[in-house]
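Read the structure below first, then the notes.
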Amino acid sequence: MPLVLLAVLLLLTACGGGADLPQSTLVPRSDFSADLFGLYKNVFWWALGVFILVEGLLLVAIVRFRARPGRAEPKPVHGHTVLEISWTLAPALILVFIAVPTMRTIFSTAGHAPEGALRVEVIGHQWWWEYRYPTLNISAYNELHIPVRTPIQLDMTSADVIHSFWVPRLGGKRDLIQGRTNRIAFRADSTGEYWGQCAEFCGASHANMRLRVFVQSDSVFQRWVDQQRASPATPAKGSPAEAGQQVYRRSPCIACHTIAGLSQGRVGPDLTHVGSRFTIAGALFPNNAEILHRWIMNAPAMKPGALMTPQSLSPQDLDALIAYLQSLK
Ligand code: HEC
Ligand SMILES: [Cu+2]
């Protein structure tokens with residue numbers, strides 16, 4: 001049985017690859033997460049050394065000094081000055097060897113980005129993420145897009161309760177607190193899609209407050225920025241999307257959502273470019289017609305506590321509305 005357990009353990013730890021462990025801190029892809037991983041390995045080797053030494057001595061003591069018939073009482077070591085000084089000093093030294101790199105890592109990951117970093121304001125909401133790019137004049141929701149090998153500075157706060165931003169492969173977690181700004185700075189070193197989630201209990205759908213980070217080459221990132229900056233195409237006359245736009249205009253959606261030029265709601269994510277997202281609702285569901293159907297009819301049934309009220313629309317209106325949302329690239 002222990003052998004089977006060991007085999008399973010080895011198997012589990014062997015597949016430290018990428019896509020199958022999207023939230024592993026052991027596959028770092030930024031300077032921030034590499035610093036953390038380096039410290040982790042450092043402490044791990046010290047702990048392993050201590051473990052082998054202590055358990056080794058324990059085994060020696062058990063075997064060599066066990067009680068045998070006719071054996072004299074062992075001599076106590078109490079008052080052995082050299083022994084006592086050395087087993088006080090050795091752990092103190094080990095703690096220094098752990099403390100110095102720990103302090104260094106705390107300072108190097110404190111969130112100070114170099115001059116010229118791309119600044120993104122991150123705002124946590126129950127239960128979705130808002131990202132504003134003040135220098136680019138765009139914003140994004142749940143899915144953060146950043147250019148690869150560029151220093152990034154995240155200035156983070158909350159619109160309501162405390163949340164915590166955590167994308168394990170890109171760095172450590174940090175709290176988002178209303179009325180305060182906490183910072184994370186990092187440079188992602190490879191393109192790809194990274195998963196994260198809220199790491200501070202924030203209510204009914206805390207576990208459903210996921211996020212994605214798309215680390216992109218400069219040209220792909222620039223194309224995305226241009227797309228987010230442009231206003232989506234006006235639906236063609238007589239198209240389902242145009243009918244859907246009319247449905248949107250006269251539905252309660254406008255009280256909670258923004259679509260540039262149509263409505264200015266701030267309760268839920270901005271929908272101006274909702275059709276360009278891969279996921280919705282805290283990166284929880286793929287963004288497709290079937291999901292949008294169910295979501296609009298009854299969001300809290302899909303995501304407990306979701307602050308979007310169930311909507312009642314005729315099937316025709318709903319189909320048109322979804323065609324419109326999907327056209328908002
Ligand atoms: C009472 C306010 C409210 C109303 C009314 C409302 N919504 Fe929402 N909506 C929200 C909130 C809040 C969220 C975010 C929920 C979450 O992810 O936890 C949301 C999320 C969404 C999303 C997902 C967006 C994303 O990128 O994650 C879509 C799409 C959406 N709403 C469409 C609509 C449509 C269409 C209507 C009208 C038929 C509507 N909503 C009416 C509050 C509202
Ligand atoms: Cu949260």
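Beta carbons closer than 7 Å, at least 6 apart along the sequence or on distinct chains, pair a first residue in the range 225-249 that is charged (D, E, K, R) with a second that is buried (at least 18 other Cβ atoms within 10 Å of the Cβ) for ARG229/ILE138; GLU242/PRO235.
Okay, residues lined up against (1) within 16 Å of ligand 2 (Cβ to nearest atom); (2) closer than 26 Å to PRO300 by Cβ:
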| site | (1), (2) |
| --- | --- |
| ALA110 | no, no |
| PRO114 | no, no |
| ARG119 | no, no |
| GLN126 | yes, yes |
| GLU130 | yes, yes |
| LEU136 | no, no |
| SER139 | no, yes |
| HIS145 | no, no |
| VAL148 | no, no |
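Of all residues in the range 250-259, none are in a helix (DSSP H, G or I) and away from ligand 1 (no atom under 11 Å from the Cβ).
For the range 174-220, a tally of residues being part of a loop (DSSP other than H, G, I, E, B), more than 9 Å from ligand 2 (Cβ to nearest atom) and without any contact (Cβ under 8 Å) to a residue 24 or more places away in the chain returns 4. Checking each residue in the range 121-149 for being of a type in the set (Val, Ile, Thr), surrounded by 17 or more Cβ atoms within 10 Å (Cβ to Cβ) and either more than 23 Å from GLN23 (Cβ to Cβ) or not assigned by TED's automatic domain parsing to the domain that holds ILE184 (or both) picks out only ILE138. Kindly provide the set of residues from the range 145-173 that are among the small types (Gly, Ala, Ser) and part of a strand (DSSP E or B), ordered by number. Once the filter is applied, which keeps residues that are among the small types (Gly, Ala, Ser) and part of a strand (DSSP E or B), the range 145-173 yields SER158, SER164.
Away from ligand 1 (no atom under 16 Å from the Cβ) and farther than 29 Å from PHE201 by Cβ, is that true of ILE106? Taking the combined requirement at face value, the residue does not satisfy it.
The values are calculated or read from the model by the stated rules, or taken from the named source; none is laboratory data. Since this is a predicted model, take the numbers as computed values, not measurements. FYI the Cβ positions are ideal-geometry reconstructions off the backbone, even for glycines, and counts take in every protein chain you see.
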